[in-house]
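Trainee: Quick one: the structure is below, questions incoming.
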Amino acid sequence: MSILESPRTTQPIYQRLSDQRKGVLVNELQALLGTTHVLHTPYDVALYEYDASIDHARPDIVVFPADSQDVAKIVKLANRYQVPVVPRGAGTGLSGGAIPLYGGIVIVFARMNRILEIDYENMRAVVQPGLVNLHLSNALSPHGFYYVPDPSSQRACTIGGNVGENAGGPHTLIYGVTTNHVLGLEIVTAEGNLVEIGGQTCDTPGYDLTGLLIGSEGTLCIVTKIIVRIVPVAEAVKTLVAVFDSIEDASNTVSEIIASGIIPAAIEMMDKMILQAVEADTHAGYPMDAAAVLLMETEGLREYVADELEKIVNVCHHNHARIVRIAKDETERQLLWAGRKNAFGAVGRISPEFYVQDGVVPRTQLPHVLRRVSEICEHYGLRVGNVFHAGDGNLHPLLLFDSQIPGEIERVRQAGHEILQVCAEVGGTITGEHGVGLEKQEEMALIFSPIDLHVMQSVRNVFNPQQLFNPGKLFPQPGRCAEVKQL
Ligand SMILES: Cc1cc2nc3c(=O)[nH]c(=O)nc-3n(C[C@H](O)[C@H](O)[C@H](O)COP(=O)(O)OP(=O)(O)OC[C@H]3O[C@@H](n4cnc5c(N)ncnc54)[C@H](O)[C@@H]3O)c2cc1C
């Protein structure tokens, strides 16, 4: 039978734990991990209901394994009790990936947070999944190396979570996202076996399973070890801020820079609302009256950087930049980046809540799509700010709201859906880096045909036949709640 003919699995069997079965399972987990590493009271597990998205669901049990063997044993137990297992890094995900929709066991990797090996000669490191992203670069920097993928959440998010979401970041424009920097994985399969995928070299024979598993959002395997590439810090780096009086001019600058054959290390855009929040928060020296600012960086050999910098400045002036400012030293550079990387947090100053969208559009469509984003938000009576990876055409409209206002969450979700519709219509896609999770299941149908989705589900069924790994994620779910079965 070909993969396309295999039966669809639309009715996975989820087992909600009864109190009695939960008690027995808790005892077994405590015997395995120790009492303090198993949480099970509603009060203790409440924190793990959430990630950084707007959905939530309560786990039955939260566990903190010490090593890969623990994880394998937890999965075997989950199999025996037929309960879902949801891996969780730092819970900074923006699409609900780590939310245990059907309860079950959440595996938190906070104790598996070590760098196991650094091999500078061969430019590799082996890390545990709970390692905080920035901690790797901090450890490498005295030796003149760093780890490239740098999500704005890198002070908190884990490399396991980055693998789960195939995370990007401001500096992945030129160097590529997580999948371009991971060579191999150790994983626990749905049966509870430890398996090594990929390896120390750039290419391994056979299927590219590492590529397949990166971005699988905890639905195909649980990652217990990661072999990453590390790279030397560039000889020179220059950071510049270009200030514009119109979004169109800023967007055209992005298109023109890339069209002229220059790919800077980063091109980030912030609009007026975001600039005002960021400046009040970080005091990085961003203008509060500008319509948009581009934060750009070029790096490499000294002569190359000087040449590229000049070309970028010329393109900015050609597109009516009001000011182009080059950071005079490392302190100013760090401050400008702190402003950008703290932007989501800074928005807390102007709104009690916000919802971040994550669509991708061809760069040339940026002015049109940003206009449509404003129109859609205006239609739903919502304020919106934009801070995003402009070089990648990866939009992040932040829709401000207050869940205390009746109907506001529904309006936010509907506006988010319409924004993604626009992204799909102009030839873009529904997520650049935050994943599908719970949030974008319905939108998968905007870019994939039923047969595309069926092929993907068939892959999931091979790796995760009982759908105990992160059930209810990624795919459109008709009658989601009706599928929960109490045993
Ligand atoms: C302020 C802010 C800024 C952000 N900026 C960016 C950005 O610039 N770029 C970007 O890409 N994202 C960004 N994000 C989103 C988020 O930080 C990333 O998706 C990040 O990769 C999530 O890591 P985490 O450790 O928090 O994972 P979690 O949220 O805990 O989990 C994410 C997914 O990975 C799975 N997972 C976790 N650990 C494992 C494991 N060991 N094995 C298998 N699956 C696993 C989970 O099940 C879930 O599906 C931002 C978020 C915030 C709050």
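The values are calculated or read from the model by the stated rules, or taken from the named source; none is laboratory data. For clarity, every value in this text was computed on a predicted model and none was experimentally measured. FYI the Cβ positions are ideal-geometry reconstructions off the backbone, even for glycines, and counts take in every protein chain you see. Please note that ligands, DNA and RNA were not included when accessible areas were found on the heavy atoms of the full protein model with its side chains. Shrake-Rupley method; radii C 1.70, N 1.55, O 1.52, S 1.80 Å.
Trainee: Output the residues belonging to segment 159-181 that are within 6 Å of the ligand (Cβ to nearest atom), open to solvent by less than 10 Å² (accessible area, probe 1.4 Å) and not in a loop (DSSP other than H, G, I, E, B).
Mentor: Listed by number, the list holds a single entry, N162.
Trainee: So which residues in segment 429-463 are within 20 Å of P397 (Cβ to Cβ) and away from the ligand (no atom under 16 Å from the Cβ)?
Mentor: E442, E443, L446, I447
Trainee: Here are some conditions: (1) surrounded by fewer than 22 Cβ atoms within 10 Å (Cβ to Cβ); (2) modelled with pLDDT of 95 or more; (3) assigned to a loop (DSSP other than H, G, I, E, B). G437 meets all but one. Which one does it not meet?
Mentor: Single failed check for G437: (1).
Trainee: Continuing with this model, one more query. What pairs come out if I take residues in segment 252-270 that are outside the structural domain of N386 (by TED's automatic domain parsing) and closer than 20 Å to D307 by Cβ and pair them with residues that are assigned to a loop (DSSP other than H, G, I, E, B) and of a type in the set (G, A, S) whose C-beta lies under 6 Å away, six or more apart or interchain?
Mentor: none
Trainee: So I227 fits all but one of (1) more than 10 Å from the ligand (Cβ to nearest atom); (2) surrounded by fewer than 23 Cβ atoms within 10 Å (Cβ to Cβ); (3) at pLDDT 95 or above; (4) of a type outside the set (D, E); what number is the exception?
Mentor: Every condition holds for I227 apart from (2).
Trainee: Modelled with pLDDT of 95 or more and hydroxyl-bearing (S, T, Y) - does that describe any residue in segment 230-245?
Mentor: Within segment 230-245, one or more residues are modelled with pLDDT of 95 or more and hydroxyl-bearing (S, T, Y).
Trainee: Taking segment 330-362 as the region of interest, how many residues are within 15 Å of V384 (Cα to Cα) and either of a type in the set (A, V, I, L, M, F, W, C) or surrounded by 15 or more Cβ atoms within 10 Å (Cβ to Cβ) (or both)?
Mentor: So the count comes out to 13.
Trainee: Also, I was wondering about something else. Which of the following residues is in contact with a strand residue (DSSP E or B) (Cβ under 8 Å, 6 or more places away or on another chain), touching a residue at least 24 places away in the same chain (Cβ under 8 Å) and not in a strand (DSSP E or B): G211, G218? Spell out how you get there, then give the answer.
Mentor: Values: G211 fails: in contact with a strand residue (DSSP E or B) (Cβ under 8 Å, 6 or more places away or on another chain).
The match here is G218.
Trainee: Separate question: Restricting attention to segment 132-158, report how many residues are without any contact (Cβ under 8 Å) to a residue 40 or more places away in the chain, within 15 Å of the ligand (Cβ to nearest atom) and within 15 Å of I226 (Cβ to Cβ).
Mentor: Qualifying residue count, segment 132-158: 4.
Trainee: Looking at H389 and the list (1) within 14 Å of the ligand (Cβ to nearest atom); (2) in contact with a Pro (Cβ under 8 Å, 6 or more places away or on another chain); (3) open to solvent by 20 Å² or more (accessible area, probe 1.4 Å), which single condition is not satisfied?
Mentor: With (1) within 14 Å of the ligand (Cβ to nearest atom); (2) in contact with a Pro (Cβ under 8 Å, 6 or more places away or on another chain); (3) open to solvent by 20 Å² or more (accessible area, probe 1.4 Å) applied to H389, the lone miss is (3).
Trainee: Is it the case that A327 is touching a residue at least 24 places away in the same chain (Cβ under 8 Å), buried (at least 22 other Cβ atoms within 10 Å of the Cβ) and outside the structural domain of V369 (by TED's automatic domain parsing)?
Mentor: So A327 does not fit the description; no.
Trainee: Please give the number of the condition I409 fails out of (1) away from the ligand (no atom under 16 Å from the Cβ); (2) modelled with pLDDT of 95 or more; (3) of a type in the set (V, I, T); (4) surrounded by 15 or more Cβ atoms within 10 Å (Cβ to Cβ).
Mentor: So I409 meets the others, but not (2).
Trainee: What about L398, is it within 16 Å of the ligand (Cβ to nearest atom) and within 20 Å of the chain's Cα centre (by Cα)? Can you show your working first?
Mentor: Details: within 16 Å of the ligand (Cβ to nearest atom): yes; within 20 Å of the chain's Cα centre (by Cα): yes.
Yes.
Trainee: Moving to a separate point now. Checking I118 against (1) of a type in the set (V, I, T); (2) crowded, with 22+ Cβ neighbours inside 10 Å; (3) more than 26 Å from V356 (Cα to Cα), which test does it fail?
Mentor: Every listed condition holds for I118 apart from (2).
Trainee: Another question, then. Given the residues L301, L309, L295, which is the only one that is in the same structural domain as W337 (by TED's automatic domain parsing), out of contact with any Lys or Arg (no Cβ under 6 Å at 6 or more places or on another chain) and among the hydrophobic types (A, V, I, L, M, F, W, C)? Walk me through how you get there before you give the answer.
Mentor: On the way: L309 fails: out of contact with any Lys or Arg (no Cβ under 6 Å at 6 or more places or on another chain); L295 fails: out of contact with any Lys or Arg (no Cβ under 6 Å at 6 or more places or on another chain).
Selected residue: L301, the only one of L301, L309, L295 that is in the same structural domain as W337 (by TED's automatic domain parsing), out of contact with any Lys or Arg (no Cβ under 6 Å at 6 or more places or on another chain) and among the hydrophobic types (A, V, I, L, M, F, W, C).
Trainee: Go through (1) touching a Cys at 6+ places or on another chain (Cβ under 8 Å); (2) part of a strand (DSSP E or B) one by one and return the number of the condition N386 breaks.
Mentor: Single failed check for N386: (1).
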